[in-house]
Each structure stands twice: as structure tokens, then as C-alpha cells.
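Take a look at the structure set out below.
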């Protein structure tokens, strides 16, 4: 059930997960995942105020039930950029799925395809885009780009993703440097498994690098002209990822963006920024259906998906929950997480008389704001619980590897 890469334990599971909700997986996964890897996924930046409120703020909006709708059997099928999907729930891009499972992004893609969900992979993926595409050749997928300062690297990436059948690029513009992630500092986290694009370009594995070191290789200066250049060089639609205000939505569309991605990077960048769900209505009004909108950050319930769709999103991404599912169940675990959220979404659709996802986009939402919390960081020594130790989650010292991170000292 556990494979060791230079001492770093990776799950080999492939099993469906029984759950009441996706939140329970966050505690269960600690039993099989090293502490540093877990907190790389689970934590946010600084005091994690934004990280917490991304989820809490969904309570600012309430779904208004509807009666006498004469409707049953809701359908979650939808379409995005010409791609036919069984669900509006998307696999948002996260780096280094190998910290959760031996088969990394290949396993995630299999799970997404089984659930009929849109998949996206990161520039910092462990597996190659060719391996990911081969895992589910007919499945729809997008590629998340950390724009490099080296345009030869960018060109290599564009050629590879086009040949692998990716349907668009998610240009990340909200992570020009890494947020101050205290949990990563406390656990001395570095990427424990090689990252494919860095290996194939220069032989530099990316393994052993911190998050801040990896971001330093990316462009810290991105403007409208970069959107145009990427579209021209790649020949693919470009969706600007990291838009948090109407002004930037106008700017992105003016630069030729084919879509807007509303996200604050899951609360991993600027702590103290608003929850994304509170920003979505203003951005949706500015976009005014000129291009589609992807939304993520804080989604943990089918009702969250429903609210985001009703407030202007076309597709709703999830992040941390599917990585927990990946560790606990591999491809089938990812599928289980998607199915759980989809099942909750269907219940909300039935209770509001929404037959289709298009109906959800016109559902009635009430808005009653309130003040959110200002608690200390979830990883603060003052509140954190002792991390469980099991046979499966311990790093083994192999050769010259680092027993703390599992990464090669080289």
C-alpha cells in the first residue's frame, strides 16, 4: 500500500472511499502522509485568515428553496470551451501530486475522467503531460502555466501540451512570489519528488527545492502583452487565473483572455484578502458573459458549488479535498470526492427546482453578510494537535537523502 521514493512514503491505494463529507478526509490523511507534505497541502499563508474565510464566507450567501417546481431528476451535465462534462466541478491545478500518491497526476486524471470532470495539471507536476494524456486520452484537460522568465522553456511547454491534447492554458498571475507559508517553514518542506518539466528541460529535478525557490524561477512581471504573446505562441485559449477584482477582469479581457479564473490561490498567497465568493458577483457583473468564468478557493460542499454557479461561475474548482482523496484512495479516491460533492449538488438542485446547471445559474440567492473570525493560524503551535505517527507516514533514510523532507540533499 506504500511505496518509498528515496525514503518518502507514497500511497499506492486504488479504492473507493466511504465518507459522510469531504472534510473528514483532512484528518484521516494524516495517518498515511508525512507531516511536511500534509501541511504543504493543508495550510495557508500567515495567520490563515483568508484560508479559513474562503470557506466560511459561503455562509454570506443563502440558497433560497423553491416549491411547486414540478421537477425531478436534475442533471449536472455542462459544457466549457466546447468540452462536454458530466459535472461542473473541476480538478483545480496543484503542484506535485506525488506527495499524495505514487502515480501522482496520472492517478488524479484517471479519477477525474471516471467522474466526467474537467482536469487541470500544473507546470510543477511530477508526471509528464504525455503520461497524463495517455491515462485518459478522451478526457478534457487544461494546463496551468507558471510563466517562466525563460521563453524557450515556455515554448517547450506549449509544444508539449498541444501535442498532448490539452484544450487551454490557465495563466497564473496571482503567485509571482510565494506567500508567507508558515507551516512550510516550520516543517522545512521541499518538493520530495522530481517535477517533469524541470527534469526534461535542464536535468534539474525541482526535487529538494522549496516553494519559494520554485516561484523564484517564474516570471515576477506579467502584463497584458504576455497574455497576447502566450496566445500567439501556443495557439490555445488562455484563461487568466488569479483575478480578484473587476478592474483586472476588464484588463484581462482587453488583452484577449478567453476566460477569467476567480481565485486567491486557496488562501496561500496574500493573507487578509477577501474570500473569493465575496468577490465573484462583482467580477461576474464586469465580465457580463463575454467569456466563461472558473471559480475556486474554499469549496467543500455541493452547496458551495451551487452558490458559486448561481453567483456567476461556469465551472467550480476544488483543490485540497481531491488530494486527500488521492492519498486515501488513488484514482478511485479522487472519483469518490467528486461524486460526493456532485451528490450534494444534485440534492440542492432538486430542492430549488433546478433541472440543469443553466437553471442553477439563475437560482435565487439571498445575501446576508456578517463578520468572519480572526483566529490564529491553524498550524500555530498554540493550537495544533500532535501529529500522529504510523508505520505508513514515516520517512525512511535512504542513502544520502534528507530524513526530514525525504528529498535528496543534491
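Each value in this text was obtained by applying a stated rule to the coordinates, not by laboratory testing. On a predicted model such as this, the values are computed, not experimentally measured, just so you know. Cβ: placed from backbone, ideal geometry, glycine included. Neighbour counts: every protein chain shown.
Length gain on complete extension for the stretch residue 152 to residue 382, per 0.36 nm per residue less the alpha carbon to alpha carbon distance?
78.1 nm
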Legend entry - Share, in percent, of DSSP beta bridges within the chain that are antiparallel, nearest 5: 30
Inset, instruction - Set the Förster radius R0 to 45 Å, insert the Cβ-Cβ distance between residue 200 and residue 289 as r into 1/(1 + (r/R0)^6), and round the FRET efficiency to 0.05. - result: 0.70
Inset, instruction - May I ask you to order 386-398, 41-53 by the average number of other C-beta atoms within 10 Å around their residues, highest value first? - result: 41-53, 386-398
Legend entry - Three-way shape call for the stretch 241-389 based on the alpha-carbon gyration tensor, with the a/c threshold at 1.5: oblate
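Give the Kirkwood hydrodynamic radius (Å, one decimal) of the stretch 118-179, defined as one over the mean of 1/r across all pairs of different Cα atoms.
12.2
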Inset, instruction - Give the span of the stretch 43-152's Cα atoms along each principal axis, as three whole-Å numbers ordered largest to smallest. - result: 58, 41, 30
Legend entry - Ratio of Rg to Rh over the chain (Cα coordinates, Kirkwood Rh, two decimals): 0.95
Legend entry - Peptide ranges 323-333, 260-270 listed from the most packed, as the mean C-beta count within 10 angstrom indicates: 323-333, 260-270
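Using per-residue counts of other Cβ atoms within 10 Å, averaged over each peptide, order 279-286, 296-303, 78-85 from highest down.
So the peptides 279-286, 296-303, 78-85, ranked by packing, come out 296-303, 279-286, 78-85.
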